[in-house]
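Written out below as structure tokens is the structure these notes cover.
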Amino acid sequence: MASNLSPENEQYIQNAIAAGLYHDRDEALNRAVELLKRREQLIRDVNQGIEQLQRGEGKLWDMEDINAKVRARLETK
């Protein structure tokens, strides 16, 4: 299946291949589609979270507790 990319996008893919980021055009395009799918899922997740907050289902974070837990984890590493 052929794809018609803008000259700028085609050049970007060719530069990425030349830089060794992808083996070929198909790999670059497949990765782009994977990232689009992840982006769409992230948007759905954020919208779901916003809806939950609007329904009052959110809870406040205790930042002092979170910071203490992070510091404790860093100290064990």
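The values are calculated or read from the model by the stated rules, or taken from the named source; none is laboratory data. Everything numeric here is computed off the predicted structure, so don't read it as measured data. Cβ placement follows ideal geometry from the backbone for every residue including glycine, while neighbour counts extend to all protein chains displayed.
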Neighbours by Cβ (under 7 Å, 6+ apart or cross-chain): first from the range 57-77, without any contact (Cβ under 8 Å) to a residue 60 or more places away in the chain; second surrounded by 10 or more Cβ atoms within 10 Å (Cβ to Cβ) and not basic (K, R): G58/Q52
message: Among the residues that make up the range 8-21, is at least one of them outside any helix (DSSP H, G or I), modelled with pLDDT under 95, of a type outside the set (K, R) and surrounded by fewer than 10 Cβ atoms within 10 Å (Cβ to Cβ)?
response: no
